[in-house]
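In what follows, a structure is listed as structure tokens, so that the remarks can point back to it.
All of the numbers you see were taken from the coordinates with simple rules; none came from a lab. Just so we're clear, the structure is a prediction, and the values are computed from it rather than from any experiment. Methodologically, a virtual Cβ is constructed for each residue, glycine included, from the backbone with ideal geometry; neighbour enumeration extends over all protein chains shown.
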Amino acid sequence: MAPRGSGLDWRGCALATPPGWDWPSAGCPPARPLDMASQLRLRSALALVTGAGSGIGRAVSVRLAKEGATVAACDLDRAAACETVWLLGGQGSEKVAPGGAHTAFQADVSEAGAVRRLLEQVQACFSRPPSVVVSCAGLTRDEFLLRMSEDDWDRVIAVNLKGIFLVTQAAAQALVSSGCRGSIINISSIVGKVGNVGQTNYAASKAGVIGLTQTAARELGRLVRHPWGHGIRCNSVLPGFITTPMTQKVPQKVLDKVIGMIPMGHLGDPEDVADAVTFLASEDSGYITGGLFM
Ligand SMILES: CCCCCCCCCCCCCC(=O)CC(=O)SCCNC(=O)CCNC(=O)[C@H](O)C(C)(C)COP(=O)(O)OP(=O)(O)OC[C@H]1O[C@@H](n2cnc3c(N)ncnc32)[C@H](O)[C@@H]1OP(=O)(O)O
Ligand SMILES: NC(=O)C1=CN([C@@H]2O[C@H](COP(=O)(O)OP(=O)(O)OC[C@H]3O[C@@H](n4cnc5c(N)ncnc54)[C@H](O)[C@@H]3O)[C@@H](O)[C@H]2O)C=CC1
């Protein structure tokens, strides 16, 4: 069954009106018109999405596919990645994804060999490197500093920071080897800028993602004519609280505290992040590299 609010029915087909959509009484058009998909800004793109099996990564996969991209959906959880591909139309989705059928891949992004094999498998499957790479894979191991274990620190840094290093490096190497331009989008967090109680490990990892991405942008951004330039844009997105399985673990009393500080007055949806990611993946952001704050 397609996830609630995915805007997709049981077959993965777009609903005329997403479940729970409350058409504004004033009759004004919906905030996120479904016909945005008709733009097909990513018609020829091959997009690799890590963490594609849940939450933001799944929403990003759906959104990129709506704009014509072929999606290589990667996750530690193979079944979850396969469910995402099923939502996108699965095998036989060539009719909606000119670049080939959406495909699921399994990899632990914290393992160098797994990431190397992932990029090899994606290129073997599609005969080209992914021109859009979105790193959503991530986890939390929240605890107060005074009580945090070394393992909780190590695992969060390994997945959230080293994982993005490995995927960014492998994807950039593949693009440079092929002389292709690309757009790499790394999901950081507002926590990487302002910190958050109970998240010394997570905040450090997300702050590291910001610095990694800004540096990669400096090294990879210029067009090929520079020895270190390759026309590859790198941006990080820093969402606040978004309603996903990751935030469902947060004590309600904490959410109650934080919601009052959110300018929009409520948690965001994964689709809100997917919209920003899709903009950064497309040529509409052709002169933006080094970061975008939400
Ligand atoms: C300029 C804007 C400033 C914004 C401020 C920061 C906003 C942060 C927004 C983050 C948005 C992005 C999030 C993201 O990237 C995705 C995630 O990381 S989702 C997970 C987020 N995790 C948390 O926020 C940690 C939540 N806390 C916990 O899980 C537990 O408290 C913890 C495991 C750390 C400890 O559990 P326990 O020992 O059981 O203690 P309590 O739960 O009872 O807490 C004791 C006490 O501390 C208060 N508290 C705990 N966490 C927070 C928090 N994050 N912010 C504020 N206060 C917190 C808690 O309310 C208790 O207070 P009492 O008054 O004693 O009840
Ligand atoms: N939910 C939120 O409030 C916010 C989330 N983020 C970030 O967005 C990204 C996505 O988070 P959510 O969708 O909310 O979480 P989620 O828990 O719904 O999805 C995370 C996905 O990453 C996968 N994953 C975990 N470890 C992996 C690994 N080692 N290798 C490959 N895949 C792995 C999980 O299997 C899962 O499918 C994360 O990087 C998170 O830190 C940033 C800001 C806010």
Out of all the residues in region 39-62, which are within 15 Å of VAL133 (Cβ to Cβ) and of a type outside the set (Ser, Thr, Tyr)?
LEU42, ALA45, LEU46, ALA47, LEU48, VAL49, GLY51, ALA52, ILE56, GLY57, VAL60
Checklist (1) farther than 16 Å from GLY51 by Cβ; (2) within 16 Å of ligand 1 (Cβ to nearest atom) applied to GLY182, failing item:
(2)
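Using the structure shown, decide if LEU175 is in contact with a His (Cβ under 6 Å, 6 or more places away or on another chain) and closer than 26 Å to SER127 by Cβ.
The answer is no for LEU175.
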